1. Averaged across the residues of B:55-64, what count of C-beta atoms belonging to other chains lies within 10 Å of each residue's C-beta?
2. Counting Lys and Arg as +1 and Asp and Glu as -1, what is the net charge of the other residues whose Cβ lies under 11 Å from the Cβ of A:ILE58?
3. Counting only DSSP beta bridges with both residues in the protein assembly as shown, what percent are antiparallel, rounded to the nearest 5?
4. Could you work out how far the C-alpha centroid of segment A:13-82 sits from that of segment A:145-196, in angstrom?
5. Run a plain Debye calculation on chain B (Cα atoms as equal point scatterers, no solvent) and give log10 I(q)/I(0) at q = 0.12 Å⁻¹, rounded to two decimals, same order as the q list.
6. How are the alpha carbon pair distances in segment A:155-387 distributed across 5 Å bins from zero to the largest one, expressed in percent?
7. Taking every Cα atom in segment A:7-141, find the radius of gyration and the maximum pairwise distance Dmax, and write them in Å.
8. Under the Karplus relation 6.51 cos²θ - 1.76 cosθ + 1.60, θ = phi - 60°, what is the ordered set of whole-Hz ³J(HN,Hα) values for segment B:16-26, x standing for Gly and Pro?
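All of the numbers you see were taken from the coordinates with simple rules; none came from a lab. Every value quoted in this text rests on a predicted model; they were computed, and no experiment measured them. So basically every Cβ, Gly included, is an ideal-geometry build from the backbone, and we count neighbours across all protein chains shown.
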Amino acid sequence: MTVSNAKILVVDDVAENRDLLARRLARLGFTSIDQASNGVEALAAIGTKSYDLLLLDIMMPELDGFGVLEALKRDGRINELPVLVISALGEIEPVVRCIELGATDFITKPFNPTLLRARVLATIENKALSDLMRDELRRKQLELNEARTLQLALAPQRFAGTVCGRALSIDVLLDPAKEVGGDLVDYFRVGDDMIILALGDVSDKGAGAALMMARTHAMLRALTARPDAAALFRAPQQALGIVNAALADGNQSCMFVTFLLASLDVATARLAYVRAGHIPPFHRNGAGKIGRLSGAGGPPLGLLENATYRAETVDLGPDDRLLIVTDGFTEAHDPGDSLFGEARVEAFLAGLAAAEREPLRRLADHVRAFESGRRPFDDMAAILLSFESRPPS
Amino acid sequence: MEIHDERIGDTCVVTAKGRLDSGASAAFAEKVGGLIASPSPKLLIDFAGVDFVTSAGLRAVLVLVKKVKAAGGSFALCSVQEPVREVLDITGLTAMFSIHSARAEAIAALAG
């Protein structure tokens, strides 16, 4: 918006005042100037056209300047439409009230051409700047929203069904603290009898972490297209070693990813897992006892190009549950700076009912409620495997 | 987070106090990074006053280690509190740092 195309509405019940202002504005180079003779006409004009400046008299019939400002404040348009109030010389209280209602500034009658010029041009310039900033923010927000949609789409849907004659369900959750985040959650099948569970946490939040997350996810998924995919994932330390080497190559930023990669051989109910700096998963056995899978598999991904990883195995039994979370759960804080902690996660797992449809959403809601409206501490991602080793009857 | 620096011999000793989380890590890395411009810098970070570290904070420390090593210098941590030590252990990063229980011991190690 420039002086030549700025749209101005002059509102005054005295025709001579309107004409005088319109002529002076035209001399300043403004070409789009409309007039209204009272507040009702002004609001009607504002409703049909997007103005860049309103010159507003206070005392008018039908609806006065206060009424116009109150209406603009009520619907929020006062934030986007600057208003210069026209007041009689010496009228202080009405001007103060107008400014409290959101008017930008004021000019006094009779009009001083120099002052009028300075105030109008300064207001138009500020309006142009704030329009630019608002458009930029809106554009960035749209981009972030689109990125969020794409990121959330990387997380698979919940699964409940039968694999190799065994009933199992997998619940997943991805809840970035900002529009996009650095947590990663995925599961997929390799061959007929292997299910891969993957959960990662990039060492930061926001757009940079989201790019790292997407890169890590793409690398992991690309391994499934290799002819040796079954062997790589059956020994998940091999798959993770390849992803780590690629991420660590030239990683000057030291951004890293803690990762938990597990492969479940559904036929034998054996789970092989590698814990690359990630917090140990929670394991509830069929008897309800909770333990941790704390075998140390290696450092987080992306730091040491030649790092080697080691897998641990655990045999799952009937009604076992495996819960893998990122530290967005355990390290969430309440307003008193107390941690949500691991004990609450364990309590959630201990009290889990088999029939619950979306337990992880409930856990995530619990964490956000614990934060009591504070800005979310961190991204959250989780995966819950509910394993039934007995074939369905 | 509060950051205080002093020079003890040829070692730059940084005392940090508070939470080293994603909100504090960028300023921490920038401020401490600015203290190690000399060739072969010796940097000691005293973590006695740090009670909470997130992965973003660990990343900031790793960036400093990388910078010090690239300049041919040496780096150490001392007085790491138990909650922070736990995070280092869980993430498997303990082995990547030279960690000393007390400041004097760390300064002696860096001098050696």
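1. The mean count of partner-chain Cβ atoms within 10 Å per residue comes to 6.
2. Around A:ILE58, the surrounding residues sum to -4.
3. 65
4. One Cα centre to the other: 55 Å.
5. One equal scatterer on each Cα of chain B leads to -0.34.
6. 1, 7, 15, 19, 21, 17, 12, 6, 2, 0, 0
7. Both quantities, over Cα of segment A:7-141: 14.3, 46 Å.
8. 10, 9, x, 9, 9, 10, 5, x, 9, 5, 5
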